[in-house]
Amino acid sequence: MHCTACGQELNLGARFCSNCGEAVAAPGWARHPAQRLVRPIYGRMLAGVCAGVAQHFGWDVTPVRLIVLVVVLCGFGSPLIAYIIAWIVIPNEPLGVPYPTSAPPSPPSGYP
């Protein structure tokens with residue numbers, strides 16, 4: 001792999017170019033190895049299992065929820081046991097993690 005800024009050969013797993021210091025974009029399939037599967041505090045519908053799986057793999061949560069719903073309905077309830085086990089086994093996200101927002105908070109109005 002080569003640096004997009006200067007063309008220098010990059011070391012395997014490098015996050016920055018050693019020649020110019022430009023940040024290296026990771027491939028879409030690569031994710032941080034320390035990322036754990038957790039049930040998020042925000043964005044849950046029932047227990048957060050689908051949201052946690054979607055967040056862990058970088059997927060949209062809506063298709064994951066639809067797939068789980070179809071599997072539970074077509075599996076005559078036995079996949080529901082797997083969902084409950086995942087609910088018990090997958091830990092909650094640690095407290096103190098900020099709520100993800102799409103826009104920065106606006107300053108209070110009415111102040112000069």
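Can you name the residue in the stretch 66-93 that is without any contact (Cβ under 8 Å) to a residue 24 or more places away in the chain and outside any helix (DSSP H, G or I) and, of all such residues, is farthest from the chain's Cα centre (by Cα)?
At the first step, the residues of the stretch 66-93 found to be without any contact (Cβ under 8 Å) to a residue 24 or more places away in the chain are 66-82, 84-85, 88-89.
Next, from what is left, pick out any that are outside any helix (DSSP H, G or I): 75-77.
Details: 75: 27, 76: 30, 77: 28 Å.
Looking at residues that are without any contact (Cβ under 8 Å) to a residue 24 or more places away in the chain and outside any helix (DSSP H, G or I), I get 76.
Among the listed residues 55, 35, identify the single one that is exposed (fewer than 12 other Cβ atoms within 10 Å of the Cβ) and either assigned to a helix (DSSP H, G or I) or at pLDDT 65 or above (or both). Steps first, answer last, please.
Details: 55 fails: exposed (fewer than 12 other Cβ atoms within 10 Å of the Cβ).
Just one listed residue meets the conditions, 35.
I'm told residue 64 meets every condition in (1) surrounded by 12 or more Cβ atoms within 10 Å (Cβ to Cβ); (2) modelled with pLDDT under 90; (3) out of contact with any His (no Cβ under 8 Å at 6 or more places or on another chain) except one. Can you identify the failing condition by its number?
Answer for residue 64: the failing condition is (2).
In contact with a Lys or Arg (Cβ under 6 Å, 6 or more places away or on another chain) and either at pLDDT below 85 or hydroxyl-bearing (Ser, Thr, Tyr) (or both), is that true of residue 97?
Working: in contact with a Lys or Arg (Cβ under 6 Å, 6 or more places away or on another chain): no; either at pLDDT below 85 or hydroxyl-bearing (Ser, Thr, Tyr) (or both): yes.
So residue 97 does not fit the description; no.
The values are calculated or read from the model by the stated rules, or taken from the named source; none is laboratory data. Model, not experiment: these values are computed from the prediction. All Cβ positions, glycine included, derive from the backbone under ideal geometry; neighbour counts span all protein chains shown.
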